[in-house]
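> Have a look at the structure that comes next, please.
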Amino acid sequence: MSIELKVPSVGESITEVMIGEWLVKEGDHVEEDAAVVIIETDKVNVELPAPTSGTITKILKGNGEDAEVGEVVGHMEAGESAPAKPAEEAEEIEAESGAGAADEPRVMPAAQKLLAQHSLDASDVKATGPGGRLLKEDVLRHVEEASRKPAPATSGADTPAEVPAAPTARSGARDTERVKMTPLRRKVASRLVQAQEEAALLTTFNEVDMSAVMALRSKYKQAFLERYDIKLGFMSFFVKAAVEALKEIPQVNAMIDGDEIIYHNYQDIGVAVGGGKGLVVPVLRNTERMSFADVEKSIADLAGRALKGQLQLDELQGGTFTISNGGVYGSLLSTPIVNPPQSGILGLHKIEERPIALNGEVVIRPMMYLALTYDHRIIDGREAVTFLVKIKERIEDPARILLEV
């Protein structure tokens, strides 16, 4: 019996998807509920499972092609077991894959190009993509980590150090590569343009002395780790500080809907994290009820699943305010763009020791620039500046976070 493989409903507002990658070929046998194809949307990636055991007979939409929700992208024939192969064919297949190719990860095209550029083998790099696929981000991470490792010492004075040969540059090469944008990248591009066109965006800045938070974190990080089995990071301090600031300046936590303003009496804070396909903003629900440990565990869980493309659609929807930390990538200062229909986004940056004037003396302190981009239609400059000051006060005196003052 022939069975149609249709694109499932993946969200109320999503009508078009892209075929990310078929995990099977025509003629392959699959078991019931086994994933047969990765479907990419502008928010999450989902796996289409086989509705029954059987054989894939026809693939109608190839990798990278667009498809509509409900559209048939393939066919399979129901059957309990895979058809037996002749002995000669089985021997050939075993000979072809006997070198361990079955254990190698599926390598995405962009990742393959980077592997070749850096003279790497796929088996050298840890694959984190769905289904064990090797992503471009995996190769970049591997190269960056390798560059930070010290060069191995020589075993003796007479043993010359081995210097790797520099890659040969192709003189005058003018190659180009045309790659279709993923639904996520298309959606990000669309939302950024929407924010610029529809909102009156303005950014205000401040700086914060991180000494108190760093000292508190250093003092209790081991006890925190032993108690909660998670490291104490800086983000939880900013999330908790933002909660209190949003309570005091509710305009930053509000949104415009037509000619009305919607004020939220809760704080659902989105935290921008790097995913396997780009930046995503999963949402921490009701952060006003969360402890430091709850925040750290939630962020670690969401970031880990974002890297593997395992976030659910509802985890990316909603949110009343966003925090983005460009400091993890080395950003010193930036102007983040709001995530519509939200009205504000807090940008964090790298911590850098700088001289400041303190009590009439010049001292060196670990400083961070803060940036608040806001929709001027709903938030006045006074509220925006006051909001950043509230963040600064709580980070420089973290006891105020605990006391909620």
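The values are calculated or read from the model by the stated rules, or taken from the named source; none is laboratory data. As the structure is a prediction and not an experimental result, all values here were calculated from the model. No Cβ is skipped: glycine too gets one built from the backbone with ideal geometry, and neighbour counts run over all protein chains shown.
> What is the residue count in the stretch 1-25 for residues that are farther than 15 Å from Val72 by Cα, over 22 Å from the mean Cα position of the chain (by Cα) and among the aliphatic types (A, V, I, L, M)?
Within the stretch 1-25, residues that are farther than 15 Å from Val72 by Cα, over 22 Å from the mean Cα position of the chain (by Cα) and among the aliphatic types (A, V, I, L, M) number 3.
> Are there strands (runs of 3 or more DSSP E) fully within the stretch 341-405 with at least 3 residues that are over 26 Å from Val281 (Cα atoms) and not assigned by TED's automatic domain parsing to the domain that holds Val281? List them.
Counting at least 3 such residues, we get no strands (runs of 3 or more DSSP E) at all.
> Still on this model: Scan the stretch 278-291 residue by residue and report those that are surrounded by fewer than 21 Cβ atoms within 10 Å (Cβ to Cβ) and not aliphatic (A, V, I, L, M).
Those that are surrounded by fewer than 21 Cβ atoms within 10 Å (Cβ to Cβ) and not aliphatic (A, V, I, L, M): Gly278, Arg285, Asn286, Glu288, Arg289, Ser291.
> Look through the stretch 306-357, keep the residues that are of a type in the set (Asp, Glu) and without any contact (Cβ under 8 Å) to a residue 24 or more places away in the chain, and return whichever of them is surrounded by the fewest Cβ atoms within 10 Å (Cβ to Cβ). Please lay out each step first, then the result.
Kept after step one, since they are of a type in the set (Asp, Glu), are these residues of the stretch 306-357: 314-315, 352-353.
Now drop any that are not without any contact (Cβ under 8 Å) to a residue 24 or more places away in the chain, which leaves 314, 352-353.
Numbers: Asp314: 13, Glu352: 13, Glu353: 10.
Filtering first and then ranking leaves Glu353.
> Something else: Can you find a residue in the stretch 206-228 that is within 17 Å of Leu284 (Cβ to Cβ) and among the aromatic types (Phe, Trp, Tyr)?
Within the stretch 206-228 (the criterion being within 17 Å of Leu284 (Cβ to Cβ) and among the aromatic types (Phe, Trp, Tyr)), the answer is yes, since at least one residue qualifies.
> OK, next. I'd like to check which strands (runs of 3 or more DSSP E) are fully inside the stretch 181-298 and have at least 3 residues that are in contact with a helix residue (DSSP H, G or I) (Cβ under 6 Å, 6 or more places away or on another chain).
Strands (runs of 3 or more DSSP E) meeting the threshold: 201-209.
> Do we have any residue at all in the stretch 210-230 that's assigned by TED's automatic domain parsing to the domain that holds Gly318, under 30 Å from Leu134 (Cα atoms) and basic (Lys, Arg)?
no
> Would the stretch 333-347 turn up any residue that is among the aliphatic types (A, V, I, L, M) and farther than 30 Å from Ala189 by Cβ?
Checking the stretch 333-347: not a single residue is among the aliphatic types (A, V, I, L, M) and farther than 30 Å from Ala189 by Cβ.
> So the check is Cβ under 7 Å with 6+ separation or different chains; which pairs have a first residue in the stretch 193-217 that's within 23 Å of Asn339 (Cα to Cα) and a second one that's among the polar types (S, T, N, Q) and buried (at least 18 other Cβ atoms within 10 Å of the Cβ)?
Cβ pairs passing all conditions: Leu201/Thr373; Thr203/Thr373.
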